[in-house]
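Here the structure comes first, spelled out in structure tokens, and everything after it is commentary.
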Amino acid sequence: MIESSAPSMLSAGFRMMWGLLVVLGILLIIYGLMRKRLSFVHSNSHSKIRIIEIRHIMPKKSICLVEVRGQEFLLGLGNDNITLLSALKNDEHSFDSTLASVTEQHENLSS
């Protein structure tokens, strides 16, 4: 009778350890995701770099508006690269004029 209870206690112990490892792994994944998501929300007010807005255009492609020391920059974010689309001036009034000037600059570089 001692032999039959020993394997069941051992297997119960392994199942309990496996369950604890799975729960611990899930908790670590949730912690990592929450830390990543909340890092944008709780940015430091004394920081010289601020992310003002991010717009997703396509999968793995976004446009980001960033303020660095009072000047705003429009960045294009891709898989492995970040491209400066435009350095925005404070006297610009519309997005359309900024887009037109950037498009014109891009066409001049392509030609």
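Observations
- Dipole magnitude of region 44-110 about its Cα centre (Cβ charges: Lys, Arg +1; Asp, Glu -1), debye to nearest 20: 360
- Estimated FRET transfer efficiency when R0 is 30 angstrom, pair Leu20-Ile54 (beta carbons, to 0.05): 0.20
- For Lys60, the lysines whose Cα falls under 21 Å of its own Cα, not counting residues fewer than eight places away in the same chain, are Lys36.
Since every read-out is calculated from the coordinates, none of them should be taken as a lab result. Given the structure is predicted, the values throughout are model-derived calculations rather than measurements. Quick reminder, even Gly has a Cβ in these numbers, built from the backbone with ideal geometry, and neighbours come from all protein chains shown.
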